[in-house]
Amino acid sequence: MRGVVMYSAGDVRVEERPDPRIIEPTDAIIRLTATCVCGSDLWPYRGVEPADHQVMGHEYVGVVEEVGAEVKTVAPGDFVVGSFVISDNTCEICRAGFQSKCVHAEFVAQTIGTQAEKARIPYADGTLVKTPGEPDPAMIPDLLAASDVLGTGWFAAVAAQAGPGKTVAVVGDGAVGLMAILAAKQLGAERIIAMSRHPRRQELARHYGATDIVTERGDAGVAKIRELTGGLGAHSVVEAVGTQESFMQAVGATRGGGHLGYVGVNYDVQIPGIELFFAGIHTLGGPAPVRRFLPDLIALIWDRKIDPGKVFDLTLPLEAAAEGYRAMDERRATKVLLTL
Ligand SMILES: [Zn+2]
């Protein structure tokens, strides 16, 4: 099969990789319909994470081709959406709703690599969710978004306890930040403040439900959020970037007793204990348990209540993956969909 391999930072190639096969009785083999390039794929691309002939990709939708003897909930021919973390969905951690921390958790990005024609998905019953039928081709980007960015943005909004009567501030206007805005709106937030200085992303933010746009960053951004909230700060803040400035901006924008949901992968962030101490806020974050939300997200998409697929602003064939990485690295694209 064809698949993406990152030879080293900045060197993305599409080449022949071995066809996956069933190894464990709980595995499924899927033929991908679409995949995409994630903001987190830029970490190895830019040399922040090591890359040495690394298989790439962790977002996926496709059709089941084959299942192991113990797989019960999906069968050949089913169209499925999967999470970017493998989970059994039965252990104590999964049952508490934190499937990304499953005792059998495995990052699809590290070992499977779904920027490819096919993928072997371990713990298929606990990782994949089938759609009610074969989706309309126009719905594929929406379903693909559920595999990571929508699920992650949704988790961030839930972690920040977005809901009726709440003012939600979202730091970050990338795909995940935009999805957190969509989620906050669906969860019933009264006011949604998007922090963005990019005109096209501001437009999408408003489309997804943002009521206010703040262009200031850092301390000025915090001051603006305080000004918009009667000096209190937002009830709910989503951090969807992962830099020192964005994280401290998110902490500063959260009101005392408020909730911060953080999902930006924050390699070099140092949180001064004393600032967190005096902030007096709840925090919850990390890799999103997308599997918890998948059944509900698929239903919302199927009923055309949400349109998360609009975050994809560049579509390329898998063979042109290298150009997709370049476009995202140079910020010419928010998110790149790869067709098969
Ligand atoms: Zn588990």
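Quick look at the values:
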quantity	calculated
The chain: angle of helix 218-228 to the longest principal axis, Cα-based, in degrees nearest 10	70
Centre separation in Å (Cα based) which lies between the stretch 202-257 and the stretch 141-184	14
12 Å beta-carbon shell around Arg255, net charge (K/R +1, D/E -1)	+2
The stretch 153-285 - percent relative contact order, Cα under 8 Å, separation 6 or more	27
Cα-based shape type of the stretch 153-285, given that a ≥ b ≥ c are square roots of the gyration tensor eigenvalues and the cut on a/c is 1.5	rounded
Rounded to 5, percent antiparallel among DSSP beta bridges of the chain	55
Helix axis angle, 175-186 relative to the chain longest principal axis, alpha carbon, degrees	70
Cα-based shape type of the stretch 30-119, given that a ≥ b ≥ c are square roots of the gyration tensor eigenvalues and the cut on a/c is 1.5	oblate
The stretch 289-340: trypsin sites (Lys or Arg not before Pro) falling in loop per DSSP and having at most 13 other Cβ within 10 Å	Arg304, Lys305, Arg331, Arg332
Estimated 222 nm signal from helices in the chain, with DSSP H stretches of n ≥ 4 weighted -39500 (n - 2.57), rounded to 500	-8500 deg cm²/dmol
Packing-based exposure ordering (other Cβ within 10 Å, fewest first) of Ser83, Ser196, Ser40	Ser40, Ser196, Ser83
Under 29 Å from Lys185, Cα to Cα: lysines that are on another chain or at least 8 residues apart	Lys101, Lys130, Lys166, Lys224, Lys305, Lys310, Lys335
Of Gly256, Gly264, Gly273, the one that fluctuates the most in a GNM where the chain has Cα springs shorter than 10 Å	Gly273
Residue order, fewest to most surrounding Cβ atoms within 10 angstrom, among Ile274, Ile93	Ile274, Ile93
For the stretch 75-115 and the stretch 273-340, distance of Cα centres in Å	17
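Any read-out appearing in this document is the output of simple, stated calculations on the displayed coordinates, not a laboratory observation. Not measured: the values here are computed from a predicted model. Glycine also receives a Cβ, built like all others from the backbone with ideal geometry; neighbour counts cover every protein chain displayed.
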